[in-house]
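In what follows, a single structure is set out as structure tokens and then discussed.
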Amino acid sequence: MRQTIYMMAINEALTQEMERDPTVFIAGEDVGQHPAFGITLGLRAKFGPERVVDTPISETAILGLAVGAAAAGLRPVAEIMFMDFLGVCLDQIINQMAKMRYMFGGKARLPIVVRAACGGGYRLAAQHSQSLEALLCHIPGLKVVMPATPYDAKGLLISSIRDDNPVIFLEHKKCYTMPGEVPEEPYEVPLGVAEVRRPGSDVTIVATSYMVHEALRAADQLAQQGIEAEVIDPRTVSPLDMDTILASVRKTHRVVVVHEAVKFCGIGGEIAAQIAEDAFSSLEAAPVRVGAPFCPVPFSPPLEDAYLPNAQKIVDAVLPMTPAKV
Amino acid sequence: MDIPKDNLVQMYEAMVTIRQFEEGVAKLMRDAKIPGVAHLYAGEEAVGVGVCSLLTKDDYIASTHRGHGHLIAKGGDPKGMYAELLGRSPGYCHGKGGSMHIADLDLGMLGANGIVGAGAPIAVGAAFAARYKGSSAVAVCFFGDGATNEGAFHEAVNLAALLKLPVIFVCENNLYGEWTRQDRHQTVRDVAERAEAYNMPGIIVDGMDILAVRQTVGQAIERARRGDGPSLVECKTYRFFDHQGVGDGAADRPAEEMAEWKARDPIPRFRSYLIETETLTEAEAAQIEQRVATRIEGAIAFAEAAPFPTPDDLLTDVYA
């Protein structure tokens with residue numbers, strides 16, 4: 001199959017959906033003239049400035065534009081360059097797009113995608129490195145998508161654009177240049193369906209976004225010690241495919257949940273709680289969470305490296321809960 | 001100005017409908033029949049009706065927390081509105097929105113909004129969609145003096161000006177942001193001055209004079225439909241009730257000020273004009289008022305008899 005990188009997979013999804021559906025348009029800071037991460041490169045030349053709209057640095061106006069345009073029948077894809085900037089425009093997410101359908105008794109349809117880059121590792125410090133998905137998952141009316149691979153980035157974005165609900169689509173910066181198999185033709189990866197990235201029998205590792213790759217590295221290390229980890233990538237954190245996670249935990253009896261966001265009040269707590277509620281009798285060890293410590297993302301390389309979860313921290317979490325293999 | 005007689009009569013009927021609707025709401029609130037809060041529009045009828053008398057249902061309006069008048073002016077049905085305010089199933093939002101979220105997208109009414117200033121960027125989005133689809137529709141954004149201190153307002157006005165979108169920003173300056181008088185919440189006296197910062201026309205009009213509102217906003221709408229971009233029209237007006245609820249707001253507003261503005265009530269003023277110009281006779285005007293009273297009475301009776309939603313409805317319409 002054709003190989004491409006995650007960011008090109010996103011570019012291709014946008015291109016193909018804009019070709020398919022004339023109501024799809026893009027708006028954001030520098031999306032046309034000088035795309036910050038290069039994701040929308042070439043789209044303005046192809047579709048024109050009416051469909052690839054360069055906006056001022058006005059995140060509230062960008063999202064309000066999306067809400068109003070969606071309510072009036074278009075299918076906007078808004079870009080918020082770094083998800084940290086959602087802090088500037090949360091009202092349009094929390095109080096407007098997430099709630100209009102419900103508040104209006106089902107009469108509004110708001111097919112909006114908000115794309116934003118998340119995650120650390122680039123020494124961008126506290127305001128350009130966050131993983132704030134738990135904040136968004138707490139809001140009914142939103143869907144929250146976190147693709148880890150180029151294949152999922154394309155298929156999940158196409159599904160998100162075709163979805164009639166507001167979808168927050170979080171792209172991890174560390175994934176942008178990752179290669180992978182991506183079909184050239186358009187395809188959908190359904191929202192709310194997890195993927196088993198690696199089968200295993202001894203422990204379940206649920207990992208989101210870039211942490212999927214760290215979890216797979218951890219699984220390789222564990223395998224050398226005779227521990228077979230099953231790695232599950234939820235792919236969308238809201239809706240969350242608990243069925244796949246619970247089925248795995250009932251098989252392995254142990255679970256570690258991993259995300260880059262701070263551990264406290266993270267999505268890992270929700271997953272662990274649901275496992276405790278629904279599969280308690282299957283558990284042979286308490287569920288364990290791996291996440292960032294409770295502090296802002298630091299700048300200095302040794303500090304950021306200490307902050308970010310990684311394969312070693314996952315291994316360290318798994319070993320104490322798994323019986324020694326001979 | 002040549003406004004056809006039918007239109008003038010419709011405008012009068014719409015103003016009377018809003019006033020009587022809000023008086024009906026006040027009575028229901030006094031009787032503790034309306035759950036939660038409501039912000040009444042009485043006093044500001046000339047703005048909502050003056051503006052919406054120039055719009056079709058293809059045009060959009062974004063409303064505020066004080067939204068009942070806007071919906072009625074855009075053609076909303078008092079039955080569905082009362083039912084919504086009473087939290088009943090046949091309400092506009094099936095009882096899930098209430099006063100602060102009343103909406104009718106089929107009429108281009110993008111919703112009352114509980115967040116001050118939030119409607120401005122949404123109106124810009126609707127105007128963007130209108131132009132994108134090649135329609136000549138415009139979007140009107142209603143907002144108060146208080147909303148012009150919100151970042152959302154400034155971001156929206158700037159973007160609309162930059163993209164030359166067909167938006168008319170209609171400020172209902174009722175002199176108070178909630179309970180804070182304008183001179184205590186901003187240093188400009190005329191909100192219209194703020195238009196200059198965005199290189200768009202900023203016009204002040206007597207918001208108690210429906211014909212003046214209609215004429216001024218009409219020019220802004222024409223400009224928008226021509227593709228010449230947005231305008232800001234500031235309508236100087238006054239709310240007759242308190243910010244919220246059925247009080248008169250006398251705790252925060254000087255008695256002379258209230259008396260002065262009530263003397264400029266837009267409804268008797270327009271009624272006198274219609275009679276002086278022989279557009280209506282006294283009897284015809286009274287007939288309209290009676291017809292509206294009957295309609296409002298029927299709408300309240302309908303709403304009070306309507307069923308509440310059931311817990312089965314709780315989780316519907318969270319997602320499409």
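The table below lists the values:
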quantity	calculated
Conditions (1) part of a loop (DSSP other than H, G, I, E, B); (2) in contact with a helix residue (DSSP H, G or I) (Cβ under 6 Å, 6 or more places away or on another chain): number failed by A:V144	(1)
Which listed residue is polar (S, T, N, Q) and in contact with a helix residue (DSSP H, G or I) (Cβ under 6 Å, 6 or more places away or on another chain), from B:Q20, B:Q10	B:Q20
Extreme residue, farthest from the other protein chains (Cβ to nearest Cβ), among residues of the range B:68-115 that are of a type in the set (V, I, T) and within 13 Å of the chain's Cα centre (by Cα)	B:I72
Test result for A:A317, within 18 Å of A:V249 (Cβ to Cβ), of a type in the set (G, A, S) and either touching a Gly at 6+ places or on another chain (Cβ under 7 Å) or crowded, with 17+ Cβ neighbours inside 10 Å (or both)	yes
Single condition B:Y41 does not satisfy, out of (1) of a type in the set (F, W, Y); (2) within 14 Å of chain A (Cβ to nearest Cβ); (3) in contact with a His (Cβ under 6 Å, 6 or more places away or on another chain)	(2)
Residue list for the range B:112-131, restricted to those being closer than 14 Å to A:N95 by Cβ and in contact with a Leu (Cβ under 8 Å, 6 or more places away or on another chain)	B:A112, B:G119, B:P121, B:I122
Answer residue from the range B:286-304, given it is among the small types (G, A, S) and out of contact with any Lys or Arg (no Cβ under 9 Å at 6 or more places or on another chain) and is farthest from the other protein chains (Cβ to nearest Cβ) among those	B:A286
Count of the range A:198-230 residues which are assigned to a strand (DSSP E or B), buried (at least 19 other Cβ atoms within 10 Å of the Cβ) and out of contact with any Pro (no Cβ under 6 Å at 6 or more places or on another chain)	6
Helices (runs of 4 or more DSSP H) wholly inside the range A:231-326 that include at least 3 residues being in contact with a strand residue (DSSP E or B) (Cβ under 9 Å, 6 or more places away or on another chain) and not hydroxyl-bearing (S, T, Y)	A:242-252, A:267-279, A:311-318
Of residues in the range A:41-71 being in a helix (DSSP H, G or I), touching a residue at least 12 places away in the same chain (Cβ under 8 Å) and more than 24 Å from the chain's Cα centre (by Cα), the one nearest to the other protein chains (Cβ to nearest Cβ)	A:A69
Flag for B:R223 being part of a helix (DSSP H, G or I), within 30 Å of B:K133 (Cα to Cα) and of a type in the set (K, R)	yes
Whichever residue in the range A:72-83 is in contact (Cβ under 8 Å) with a residue 60 or more places away in the chain and either buried (at least 24 other Cβ atoms within 10 Å of the Cβ) or under 20 Å from the mean Cα position of the chain (by Cα) (or both) and, among such residues, is farthest from the other protein chains (Cβ to nearest Cβ)	A:M83
Hits in the range B:219-241 - residues which are over 16 Å from the mean Cα position of the chain (by Cα) and touching a residue at least 60 places away in the same chain (Cβ under 8 Å)	B:I221, B:A224, B:R225, B:G227, B:D228, B:G229, B:P230, B:S231
Some residue of the range A:102-115 being in contact (Cβ under 8 Å) with a residue 24 or more places away in the chain, in a helix (DSSP H, G or I) and either over 14 Å from the mean Cα position of the chain (by Cα) or buried (at least 24 other Cβ atoms within 10 Å of the Cβ) (or both)	yes
Residues that are of a type outside the set (A, V, I, L, M), away from chain B (no Cβ under 14 Å) and farther than 18 Å from A:S160 by Cβ, drawn from the range A:120-145	A:G120, A:G121, A:Y122, A:R123, A:Q127, A:H128, A:S129, A:Q130, A:S131
Listing of helices (runs of 4 or more DSSP H) fully contained in the range B:15-119 that carry 1 or more residues being under 27 Å from B:D209 (Cα atoms) and touching a strand residue (DSSP E or B) at 6+ places or on another chain (Cβ under 7 Å)	B:45-52, B:68-73
Filter result (more than 18 Å from A:D202 (Cα to Cα) and either in contact with an Asp or Glu (Cβ under 9 Å, 6 or more places away or on another chain) or outside the structural domain of A:V258 (by TED's automatic domain parsing) (or both)) within the range A:291-311	A:G291, A:A292, A:V297, A:P298, A:L308, A:P309, A:N310
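Let's see how each residue does on (1) under 30 Å from B:I3 (Cβ atoms); (2) without any contact (Cβ under 8 Å) to a residue 24 or more places away in the chain:
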| site | (1), (2) |
| --- | --- |
| B:K27 | no, yes |
| B:A42 | yes, no |
| B:G69 | yes, no |
| B:A83 | no, no |
| B:L86 | no, no |
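The values are calculated or read from the model by the stated rules, or taken from the named source; none is laboratory data. Just so we're clear, the structure is a prediction, and the values are computed from it rather than from any experiment. Heads up, the Cβs are rebuilt from the backbone with ideal geometry, glycines too, and the neighbour counts pull from every protein chain shown.
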